Structures are given as C-alpha cells and as structure tokens.
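Dropping the structure in here first, questions after.
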Amino acid sequence: MFNGQMEKESVLVCVPDQNMLLGLEGYLNPTHSIVVTPNTQVADLLKNQGFKNIFSFSSNDTYIPLPAQFEKVVLIESKHIADTFDSLMVLRNSTIAPIIVVTATHAYPMRLYYSMGAKLVIYSRSKNISNFI
C-alpha cells in the first residue's frame, strides 16, 4: 500500500513481529513512517492504527517492488537470526539504500551481518529508533 506522498529521501523501517512493534510504539508515525514487514499480523495492526505506507512480504519472496528510493533502511532484528537474514536478503534485493541492523544481542559478529548486506550494525537494548529515522 502506498499513499503517493513519500519523499525521495525517506527511511524504511522493517518490523519483524508484534513484540517488536509494541516496543516501537511512539517512534513510528502513521502518516510519515514507511514500514515493511514479513508478518501479516503486524501489517494488519498497522493498517488498523491508520498507517498508510505499509509493505508486506512473505518468506517465499526475494524482492519487494518499492515505489520510492530511500535514504536508508532500518531493520530491527527478530528473535531468530534466520528470519533476520531472510529479511535482510529481501531488502538488499529491493533497494540500494544502506541497511542498518539494530540488534539487542552480541551473539553474532558484525561481519556476519555485513556479509549478508548490512551497511551498519548497531547493538542496542533500547527500542528507541528515533535517532535512525
């Protein structure tokens, strides 16, 4: 879904699941935030909250036809690293914008994320992504 009013230099935020969405409340704006998610429940919740720019993809997708260029992509890591890498690969195939991965775990080295297409990895236990969007 695209409301036609995105600016060329926008930030795309990838929200992996409902738990992460709850932690991001207050940081996403229904009229200005552009959200992509692999979770249909997250997409439905966002639509019900009045979000206008929501893009969904499934585990079978390799590409999302996005209608705009983005300044950057902020990918919030899911609890399962494999899901994060699946999202990272779909985003890497869909945009040339740099991808920033925000993760709460130090279990995996930065080089692993970089090898999968991330431009920057930020370790943070806070869900405050306002500095990145």
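How do His32, His80 rank by accessible surface area computed with a 1.4 Å probe, from largest to smallest?
His32, His80
Can you work out the accessible area per residue across the chain, with the rest of the protein chains kept in place, probe 1.4 Å, in square angstrom?
In whole numbers, the chain has 54 Å² accessible per residue.
So what is the calculated 222 nm ellipticity per residue for the chain, using -39500 (n - 2.57) for each DSSP H run with n of 4 or more, over all residues, to the nearest 500 deg cm²/dmol?
-7500 deg cm²/dmol
Along the charge dipole of the stretch 1-113, which of Pro98, Phe85, Gly23 sits closest to the positive end, that is, farthest toward it, with unit charges on the beta carbon of Lys, Arg, Asp and Glu (+1, +1, -1, -1)?
Checked the options; the winner is Pro98.
Skipping prolines and chain starts, which residues have an amide H placed within reach, meaning under 5 Å, of the one on Phe55, given they are 5 or more residues away or on another chain?
Those qualifying (amide H under 5 Å, at least 5 residues apart or on another chain) are Val35, Val36, Thr37.
I'd like the carbon and sulfur percentage of the solvent accessible area for the chain, probe radius 1.4 Å, heavy atoms only, ligands and nucleic acids excluded.
50 percent
Give the angle, between 0 and 90 degrees and rounded to the nearest 10, that separates the Cα long axis of helix 81-94 from the longest principal axis of the Cα atoms of the chain.
It works out to around 60 degrees.
The values are calculated or read from the model by the stated rules, or taken from the named source; none is laboratory data. Every value quoted in this text rests on a predicted model; they were computed, and no experiment measured them. For neighbour counting, all protein chains shown are included, and Cβ atoms are generated from backbone atoms with ideal geometry for every residue, glycine included. To get the accessible areas, we keep the full protein, side chains included, count just its heavy atoms, and leave off ligands, DNA and RNA. Shrake-Rupley method; radii C 1.70, N 1.55, O 1.52, S 1.80 Å.
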